[in-house]
1. Met80 passes all but one of (1) surrounded by 11 or more Cβ atoms within 10 Å (Cβ to Cβ); (2) within 16 Å of Pro93 (Cβ to Cβ); which number fails?
2. Looking only at segment 69-89, filter to residues that are in contact (Cβ under 8 Å) with a residue 40 or more places away in the chain and of a type outside the set (Ser, Thr, Tyr); which one of those is nearest to Tyr36 (Cα to Cα)?
3. Can you name the residue in segment 48-68 that is among the aliphatic types (A, V, I, L, M) and within 16 Å of Ser35 (Cβ to Cβ) and is also surrounded by the fewest Cβ atoms within 10 Å (Cβ to Cβ) among such residues?
4. For segment 83-95, what are the residues that are modelled with pLDDT of 90 or more and in a strand (DSSP E or B)?
Amino acid sequence: MKVDPDLVLLALASPVYCARGIFRAIRRGKFWRASYTPRITCRNCGEDISLVGLWRCGCGYTYKGHLLRVCPVCKGLPRMVRCFSCGITMKLPEP
């Protein structure tokens with residue numbers, strides 16, 4: 001009986017692809033949850049950090065709205081936000 005090597009490869013790779021898909025879904029879920037909330041809590045002092053307001057992108061474009069909005073000029077997203085109470089920066093979830 002001859003075993004098809006593609007079938008063996010599929011059987012061995014399927015759990016890896018399944019685990020990658022689960023981790024990717026969790027990461028995207030964290031991003032979408034943060035992108036639809038108006039504020040997050042600082043991990044250091046517990047104060048609320050507003051994600052809605054007046055923001056300036058790294059390219060210099062200034063806009064009013066939610067922080068996790070794609071910049072229309074450079075197509076970038078912010079990677080961190082600063083707490084105005086304690087001054088610490090927190091990394092934002094990535095898409």
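1. Checking Met80 against (1) surrounded by 11 or more Cβ atoms within 10 Å (Cβ to Cβ); (2) within 16 Å of Pro93 (Cβ to Cβ), the one that fails is (1).
2. For segment 69-89, the residue satisfying everything is Val81.
3. Checked segment 48-68; the qualifying residue surrounded by the fewest Cβ atoms within 10 Å (Cβ to Cβ) is Val52.
4. Scanning segment 83-95 gives a single hit, Thr89.
The values are calculated or read from the model by the stated rules, or taken from the named source; none is laboratory data. Computed from a predicted model, the values in this text were never measured in an experiment. We place every Cβ from the backbone using ideal geometry, glycine too, and count neighbours over all the protein chains shown.
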